[in-house]
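Derivation of every value follows stated rules applied to the coordinates shown; laboratory data play no part. Please read these numbers as outputs of a predicted model, since none were measured by experiment. Here Cβ is always computed from backbone atoms with ideal geometry, including for glycine, and neighbour counts include all displayed protein chains.
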Amino acid sequence: MLKWLGYIAAAYLAYRILKKGYDMTDDQTDYLARTIWGEARGEGARGMQAVGNVILNRVSRGGWYGASIKDVVLKPYQFSAWNAADPNRQKMLNATDADLRQARTIALQLQAGTLPDITGGATNYHATSVSPAWAKKMTKTVQIGNHIFYKE
């Protein structure tokens with residue numbers, strides 16, 4: 001019985017590794033950088049780091065959120081900059097290397113583990129200009145600039 005559990009655990013681990021985007025066909029850093037730029041470019045480095053923290057917290061949680069950065073950020077209606085009708089989408093997709101320089105640096109530092117989680121483990125956030133119903137069911141962790149962060 002224990003032998004079978006070991007096989008199952010190994011298979012699950014292999015599945016998670018493959019799902020995390022380590023096949024090198026997608027640039028996970030680019031998805032992370034574009035998302036933090038698209039969501040928080042007006043919030044400065046700290047605001048962009050916080051959005052990146054949320055993305056990586058979701059990757060760590062897995063499950064419904066997704067298993068890779070790409071899975072997490074492209075999940076429908078989770079990061080508005082990726083929504084087809086959002087005006088930020090085209091700006092984000094057309095952003096130049098110069099536009100993305102700071103966001104890419106932050107993304108690389110987050111992926112390397114050299115920047116701390118400044119959100120207190122948040123998996124969700126919203127702009128201060130809105131009050132979504134889901135926020136009432138979560139625990140507020142911090143406000144950074146014009147974003148309020150929450151965890152389950």
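Too long at a 25 Å Cα-Cα cut-off: which of LYS75/LYS151; LYS91/LYS151; LYS75/LYS136; LYS91/LYS137?
Numbers: LYS75/LYS151 18 Å; LYS91/LYS151 29 Å; LYS75/LYS136 22 Å; LYS91/LYS137 32 Å.
Violating the 25 Å limit, Cα to Cα: LYS91/LYS151; LYS91/LYS137.
Please say if region 73-152 is rounded, prolate or oblate, where rounded means a/c under 1.5 for a ≥ b ≥ c the square roots of the C-alpha gyration tensor eigenvalues, and otherwise the choice is prolate for a/b larger than b/c and oblate otherwise? Kindly include the intermediate steps, with their values, before the conclusion.
Values: a/c = 2.15, a/b = 1.22, b/c = 1.77.
Note, shape of region 73-152 comes out oblate.
Say R0 is 25 Å: what FRET efficiency, to the nearest 0.05, do SER129 and SER60 get from their beta-carbon distance? Intermediate results must be reported in sequence, preceding the final value.
Working: r = 28 Å, r/R0 = 1.13.
About 0.30, to the nearest 0.05.
Tally Lys/Arg at +1 and Asp/Glu at -1 over every other residue whose Cβ is under 13 Å from the Cβ of ALA103; what's the total? Walk me through the numbers before you get to the answer.
Working: positive: ARG34, ARG41, ARG46, LYS91, ARG101, ARG104; negative: ASP30, GLU39, GLU43, ASP97, ASP99.
Result for the neighbourhood of ALA103: +1.
Averaging sequence separations of C-alpha pairs under 8 Å and six or more residues apart, then dividing by the length of region 64-137, give the relative contact order as a whole percent.
After rounding, I find 10 percent.
ARG46 to GLN143: extension gain in nm, 0.36 nm per residue of separation minus the Cα-Cα distance?
Stretched out fully, the ARG46 to GLN143 stretch lengthens by 33.8 nm.
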